[in-house]
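Engineer: Here's a structure for you.
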Amino acid sequence: MIEPRKTTKGRRMTKQARNTKASSAAANAAAALTEGDQAPSFTLPRDGGGTISLSDFAGRKLVIFFYPRAGTSGCTREAVDFTRLEPEFDKAKTAVLGVSADPPAAQDKFRDKYQLRTPLGSDESHAMLQAYGAWGEKSMYGKKFEGIIRTTVLIDAQGRVERVWRKVKVDGHAEAVLAAAKMQS
């Protein structure tokens, strides 16, 4: 018989459960992009109908900001900040795309309510989120769950990852990403 080991909360965890948790964490770490990697290709439904793909931005730099949920306070501030700085991103020859797991109808409402000009992609399957390392284990009020990890990726004009920001804090983030996009011009 396998003797369960106590976790930090005093609950017992079997060896199989520990191995499953470890392999899940390893898979998330393996999926995480690093600078110099080729950006994973994607095609997503987008706000306003139609689709949006990595190939739509060929020859141009791209910022992808992954946000947990349309309409929440942090996500709204982040999207509004990227929209506000759109002219500056244009000057730096950099496009901006927001992505969440919200359905396209929720993205439409979010865009309209806050007058967002940044295109918004919908990844309900989580395939792109996982490929970009923006989906994984989170914790809130002591409970662990799977969800979107606020992440931003800067991709160069050749489709390579230039920079990755993980566990983003919203305040001042769009400005920091703009500064990085300008430096890489």
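Engineer: In the range 137-151, is there at least one residue being out of contact with any strand residue (DSSP E or B) (no Cβ under 7 Å at 6 or more places or on another chain), of a type in the set (S, T, N, Q) and at pLDDT below 95?
Structural biologist: yes
Engineer: Hey, among the residues in the range 125-145 that are free of Cβ contacts under 8 Å to residues at least 24 places away in the same chain and of a type in the set (D, E, K, R), which one's farthest from residue 101 (Cα to Cα)?
Structural biologist: Ranking the candidates gives 143 first.
Engineer: Testing residue 154 on (1) open to solvent by 20 Å² or more (accessible area, probe 1.4 Å); (2) closer than 26 Å to residue 50 by Cβ; (3) touching a Lys or Arg at 6+ places or on another chain (Cβ under 8 Å); (4) not polar (S, T, N, Q), one condition comes back false. Which one is that?
Structural biologist: So residue 154 meets the others, but not (1).
Engineer: OK, next. Any idea how many residues of the range 105-127 are in contact with a Pro (Cβ under 8 Å, 6 or more places away or on another chain) and open to solvent by 10 Å² or more (accessible area, probe 1.4 Å)?
Structural biologist: 1
Engineer: Now, a different point. Could you run through the range 62-81 and say how many residues are open to solvent by less than 10 Å² (accessible area, probe 1.4 Å) and closer than 21 Å to residue 136 by Cα? Write out each step before concluding.
Structural biologist: Here is the first cut: in the range 62-81, the residues open to solvent by less than 10 Å² (accessible area, probe 1.4 Å) are 62-67, 75, 78-79.
Filter once more, keeping what is closer than 21 Å to residue 136 by Cα: 63-67, 75, 78.
Adding up the residues that qualify gives 7.
Engineer: Any residue in the range 159-174 that's free of Cβ contacts under 8 Å to residues at least 24 places away in the same chain: show its pairings with residues that are of a type in the set (Phe, Trp, Tyr) and open to solvent by less than 90 Å² (accessible area, probe 1.4 Å) at Cβ separation under 9 Å, as long as the two are six or more apart or on different chains.
Structural biologist: From the range 159-174, the pairs are 165/65.
Engineer: Out of curiosity, is residue 73 under 19 Å from residue 175 (Cα atoms), within 21 Å of the chain's Cα centre (by Cα), at pLDDT below 95 and among the polar types (S, T, N, Q)?
Structural biologist: Yes; evaluated as a whole, the condition is true for this residue.
Engineer: Of all residues in the range 82-104, which are open to solvent by 20 Å² or more (accessible area, probe 1.4 Å), under 16 Å from the mean Cα position of the chain (by Cα) and in contact (Cβ under 8 Å) with a residue 60 or more places away in the chain?
Structural biologist: Residues satisfying the conditions do not exist here.
The values are calculated or read from the model by the stated rules, or taken from the named source; none is laboratory data. Because the structure is predicted, anything quoted here is derived from the model rather than measured. Every residue, glycine among them, receives a Cβ derived from its backbone with ideal geometry; neighbour counts consider all protein chains shown. Please note that ligands, DNA and RNA were not included when accessible areas were found on the heavy atoms of the full protein model with its side chains. Shrake-Rupley method; radii C 1.70, N 1.55, O 1.52, S 1.80 Å.
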